[in-house]
Amino acid sequence: MTLLELDGLRKEFGARHRTVAVDDVTLTVHEGETLALVGESGCGKTTLTRLLLRLLEPTAGTVRFDGRDLAALSTAELRRVRRQMQVVLQDPYSSMNPRMRVHDIVAEPLVTHDPAARGRRGRAATAQRVAALLEAVGLDPGIRDRYPHEFSGGQRQRVSIARALALEPRLVVLDEPTSALDVSVQARVLDLLAELQQRLGLTYLFVSHNLAVVRQVADRVAVMRRGALVEVGTAADVFGAPRHPYTRQLLDAVPVPDPRRARRTRDTAPPANAPRDPAGPDRPADPTGQVR
Amino acid sequence: MTTPAPLLEIDDLRVDFRLDDTTVHAVRGVSLEVRPGETLAVVGESGSGKTATALSVLRLNPEPPCAYPAGAIRFDGRDLLTVPDRELGRIRGADISMVFQDPMTSLDPLQRVGAQVAEVLRHHHGLPRSAARHSALEAMDEVGIPDPERRYRQYPHELSGGLRQRVMIAAALVGRPRVLIADEPTTALDVTVQRQILDLLVGLRQRHDMAVVLITHDLAVVAETADRVVVMNAGEIVETADVHDLFARPAHDYTRRLLAATPRLEPA
Amino acid sequence: MTVTSPVLPAAAGTATAHRHTVLRTLLRNRLAVVALAVLAVLVLAAVLAPLIVPYDPNAQNLLQRLQPPAWLAGGHRAHLLGTDELGRDMLSRVIYGTRVSLLVGAGAALLAGTVGTAVGLVAGYFGGWPDRLLMRLADVQLAFPAILLALAVIGFLGSGLGFVILVLGFTGWVSYARVVRSEVLSLRTRDFVTEARAIGVTDTAIIRRHLLPNVTAPLATIATLHVAAAIVAEASLSYLGLGVPKETVTWGGMLADGQLYLGTAWWVAVFPGLALMITSLAVNLTGDALRDVADPKAYRR
C-alpha cells in the first residue's frame, strides 16, 4: 500500500540567480518499507525531506500522504497529518534544545498534539508515556531530568528516536540518523531502528550519503543527483546491477574494509591526479545551507 | 628488503587534560613509529585519544589544559616534547606538516587560496614572493587542482569541499615535509571525493617517500591506504599490526568488534 | 570516553540536586558572591532607607554647612560622611539616593528588555516584512539622540521618576532587539527548531519554548550593562536638571550640586560618585555570574 506519494515535486530557490534544488521528483513510499534516499552533499536530498514534511513550500508538484494532498489541507488538518510523519535529524548535537530536560524533549510532541497531556492530570500520564518511550529505545527512564549535553551522541540519538515515536507515527523520516556517530554506536542504533520498525510497523524514509549503511537497512533505494532522481529500485537491483553510471560511480567509490580487495581496485583506478569530481568542481552550495 | 630506521618515534606518550577539578588521561602510554614511505593508520572511535596523540607530535594540543607528564616523541634525534618553541616552529609545516578534517575551518576565509599555500615557503624558507608563488602553483598542480593559476587568486568559499581539501594538502606538501599527519582528512567529504583524496595521498606518499600518519575512525579507509595499523581505545593501544594481518586475523577483541560494526557493501 | 553502554545508569540527580548545583556554581565564583552581597546590601538600604537614615535627607542646617567626614579634622561623629552646602547629612542622602538609582536601573532595563526582546524574537523568527519594518524602526531610534527624546518627553509630559524610566527604557531597547534577532537567526536554522516545526508545534510555542530560553545568556549580559548605564544616565539627567524633581534625592543631583565645591569640600561629589560606581560594578559582576549559571552546560556533574 502506498503511504507517501511525491508527484513532480520541484523547488527553486532565489529570484535573480535561480537554482533548482529539487527537480521534478516523483517517488512513492510503501507502507512498512525502508526507502533509502542516497546522494552526495548538495544533491537536494535534505530539501526534498523538508518539502515532504511541508517545512518548505514546493514550487510545483504535490505531496500526498495516505492519499491526501498536503497542500489542500487546512492548518488544523495538517497538524493532524503531522502526527503521523515524524523526523529524526542528523546531528544529535543540534537537534535538541540545550535548555530542555530529556523529559520535556520527549514529551513535546504529546503536549503539542494532545490537550489531555497537559494539566495536572495529564502530567502523570505523560510521565508514564515518556518513561515507556525511553525504555523502548534502550534508555533508563531515570535520565528524564537531565540535559542533552550530559549524553553521548548515541544516547542523544536514542532520545531523538523516542521523541519521534511519541505520537505513534506511521512514517519516520530519518535524515542521516547515524552519520555523526561512532561505528559501534551506529551499529546499535541501526539495530534499534530495525527492531522498532518490526515491532511498530513503521515506514522509514532513510536519507543517507553512506552507501554501506544503506546497504544494511534499505528495502528500496532512490539515488539522487543534482536535484533529480537518477535511479530507483530494490536494494538488490541497485547494489547488484546498477543501471545508471552515476550509481556505479558512487558504488565504486565506497571504500572496502578489506585490504586485498581495496588494493586491487586501486591498481585499476585512473591516476590519482585526474580530478573527476562528478558534479564538477564548482558546484553551487546546497541552497538550504546545509553543509555536510 | 631492509627495513629503514624509523623517522618518527613516539615512546610511552601520556597526555593529560587538567580541568578545574579533574584530570582526564586522554593518552595513556602510547608507543608507535613510522618509517619513510610508510603509511601508519591510527584508528579508533571518538574519545580514543587518537587526535590528542596526533596533535602532540607538533605540540598543538592547547596548553593548558593539556600537559605531557611522560613520554618522548623522537624525530631527527630530537625530542619534540622538549625542544624549544623556536625550534619546533621551524619543524612545523617544513619537516612535519598536518592536514585536518574540515577544510572549511582550517582555511582562512579572508585570504586567497594561493597565499595560504605559499605561506609555509615565505615563512620558513624566506623565499621571495615570485619563487614562493611558483612552488605553490607546482604543489597545487601536483595535488590535482585544475587551472591552478586561476585557483591561486580565489577565496576558500569559491571552491568545493574536495578542492579545498586539495588546497590543504598542497599547503601541507609545499614545504616538502618528511612526515605528513592527516587527521580524518576525508571524513567531511563525499564518497567520490573521498576516493580521489585517498588515491592522492597514496600517490604522493610513494612519490616523495614520505611517512604518513593517518588518523581515522573508518576501517574501510584504513584498508584502502595503510601499511600498518595501530588500534586505539580509551587512550591506549589495543593492537598494532600489519594491515593484512589485522583484517585477516584481528588479535584483540575490540578490533574484532570494530570490524564487525563496520558497514560493508556486500552482505556478510 | 569509552564505548557507551546502551542503558545509562539512573541519574543520581533529580531536580533538587540540580538546584543545588546552580547554587554551588554561583558560590564557586567568589567575586560573584561579593557582588551579590553588595547588591543585597544596596537593595536593603533602598527598601529600609526611612528606617535606617540618621537624618531627614532634606533637612537643612545652615549652621553646619560643608562639614567634612567624621574621620577628617573638623569632622564630627554626628555626620559620618559630612554635610553638603545646605547642611544636609551626606550619609542619609547617599542612602536615599540608592532608591532612585536602583528603581531607575531595574525599571529601564526591564522595560527596554521586554520591548527589545519581543521585537528581536518577532523580527528574527518571522523575517520578511515584519523584520524589515522593525529593524528600520530600530535604525530611526538609534539615529534619534537620546537626550533630545528626554528633553521632549520631560518638556511635554513633565518630569518625574516614571518619565525618566520611560525615556531610558525606550532609548535602550534597540541593543536588546539587535542581539536577540541575530541569535534567533542562527537558532532558527538549528535542527531542534526544524524538528519542533515538523512536529507541528505552533510559532508561539517555538518562540517561548525554544528561542527565548536560548537567548537568555546574551540578554543577561546586555541587561546588566544596561542597568549600570541607566543608573549613570539617570544621574546625568538629574545633573542636567532633567531628571526627577529637586526634592527627590538622587546621586546624579548630588553630583551636580557637589561639583561647585570639589576644590573645597570634595566629599559632597565624591560619595555619591563612589556609590554610583560600586553599584554599577556590583550589577555587572552579578550579571556575569548569572549568565554562567543560566547555561546548563556550566554545571559540573
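Computed from the coordinates by the stated procedures, all read-outs in this text should not be read as laboratory data. This is a predicted model, so every value here is computed, not measured. Reconstructed Cβ throughout: ideal geometry from the backbone, glycine too, with neighbour counts over all protein chains shown.
For the range A:48-180, what class follows from the C-alpha gyration tensor (a ≥ b ≥ c being the square roots of its eigenvalues): rounded when a/c is under 1.5, otherwise prolate if a/b is larger than b/c, else oblate?
Numbers: a/c = 2.38, a/b = 1.41, b/c = 1.69.
The shape class here is oblate.
Size descriptors for the range B:78-153, from the alpha-carbon set: Rg then Dmax equal 14.0, 43 Å. When its C-alpha radius of gyration is set against 2.2 N^0.38 Å (N residues), the protein assembly as shown gives a value of 1.15. Place a point 7 Å from Cα of residue A:30 in the direction of its Cβ. Which residues in the range A:198-214 have their backbone N less than 20 Å from it? Under cut-off, by backbone N: A:198-207, A:214. Which residues does a label at residue B:176 reach in the range B:204-232, if reach means a backbone N under 18 Å from a point 7 Å past the Cα toward the Cβ? B:204-212, by backbone N distance to the label point. Remark on residue B:239: its backbone amide H falls under 5 Å from those of B:231, a criterion applied only to residues 5 or more positions apart or on other chains, H modelled at 1.01 Å from N. With 0.36 nm allotted per residue and the present C-alpha distance subtracted, the residue B:209-residue B:252 stretch has 12.4 nm of extension available. Panel values: the range A:1-88, Kirkwood radius from alpha carbon pairs, Stokes-Einstein at 25 °C and 0.890 mPa s, translational diffusion coefficient 179 µm²/s.
The modelled label-to-label distance for the pair residue B:20/residue A:248, using points 7 Å beyond Cα in the direction of Cβ, is 6.1 nm.
Its Cα gyration tensor gives chain A an equivalent ellipsoid; the semi-axes, largest first and in whole Å, are 34, 24, 18.
With R₀ set to 45 Å, the beta-carbon distance separating residue B:87 from residue A:179 gives a calculated FRET efficiency near 0.65. Distance between the C-alpha centres of the range B:132-199 and the range A:1-75: 36 Å, rounded to the whole angstrom.
The convex hull around the C-alpha trace of the range A:93-166, projected and averaged over every direction, spans 4.4 square nanometres. Basic side chains Lys and Arg get +1 at the Cβ, acidic Asp and Glu get -1 at the Cβ, and with that the dipole of the range B:140-267 about its Cα centre reaches some 240 debye. For residue B:266 and residue C:281, what does the FRET efficiency come to when R0 = 60 Å and r is the distance between their Cβ atoms, rounded to the nearest 0.05? Approximately 0.30, to the nearest 0.05. Between the amide H of residue A:231 and those of A:223, distances stay under 5 Å, these residues lying 5 or more places away or on another chain, with hydrogens modeled in the peptide plane. Assign one of three labels to chain C, namely rounded, prolate or oblate, based on the Cα gyration tensor with a ≥ b ≥ c the square roots of its eigenvalues; rounded applies when a/c is under 1.5, prolate when it is not and a/b is larger than b/c, and oblate otherwise. Here chain C falls in the oblate category.
Of B:184, C:247, A:108, the sequence from fewest to most neighbouring Cβ atoms within 10 angstrom is C:247, B:184, A:108. Assuming charge only on the beta carbon of Lys and Arg (+1) and of Asp and Glu (-1), the dipole of the range A:93-166 about its Cα centre is about 220 debye to the nearest 20.
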